[in-house]
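The next block holds one structure in the form of structure tokens; read it before the comments.
Just so it is clear, none of the values below were taken in a lab; they were calculated from the coordinates. Values in this document were obtained by computation on a predicted structure and should not be read as measured data. Note that each Cβ is placed from the backbone with ideal geometry, even for glycine, and that neighbours are counted across all protein chains shown.
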């Protein structure tokens with residue numbers, strides 16, 4: 001009398017190989033989530049930097065920081081929305097042609113932050129502002 005054993009099922013080696021392949025896939029997906037989190041943090045910092053620069057330039061256009069009163073200067077900006085950040089606003093006369101004109105000011109906003117190596121950055125905006133308010 002012959003006894004036949006069923007050959008159904010998986011061997012231990014097949015189970016180990018499957019576990020290793022699934023483990024590599026899970027590590028890859030986890031790495032993608034980490035990269036996505038870093039990218040999201042960078043985007044949030046850049047958006048906050050744009051917001052700070054826009055507020056500073058609106059204040060300049062409204063006559064703030066003494067840009068319209070002094071020929072040149074530099075002031076520090078409030079960067080409380082950005083972690084470990086510094087910000088400056090600088091202005092100087094903008095010379096047009098051979099005769100310098102005091103009607104235009106070159107205004108620069110410089111922001112930099114260094115929260116972590118993966119999410120540090122800089123943001124710079126340079127614009128011209130008329131000292132005559134459009135007249």
*How many nm is it between the label spots at residue 26 and residue 42, if each spot is 7 Å from the Cα in line with the beta carbon?*
2.9 nm
*To the nearest 10 degrees, how steep is helix 12-61 against the longest Cα principal axis of the chain, on a 0 to 90 scale?*
10 degrees
*For the chain, what is the relative contact order in percent, using Cα pairs closer than 8 Å and at least 6 residues apart in sequence?*
18 percent
*Where N is the number of residues in segment 21-135, Cα Rg divided by 2.2 N^0.38 Å*: 1.50
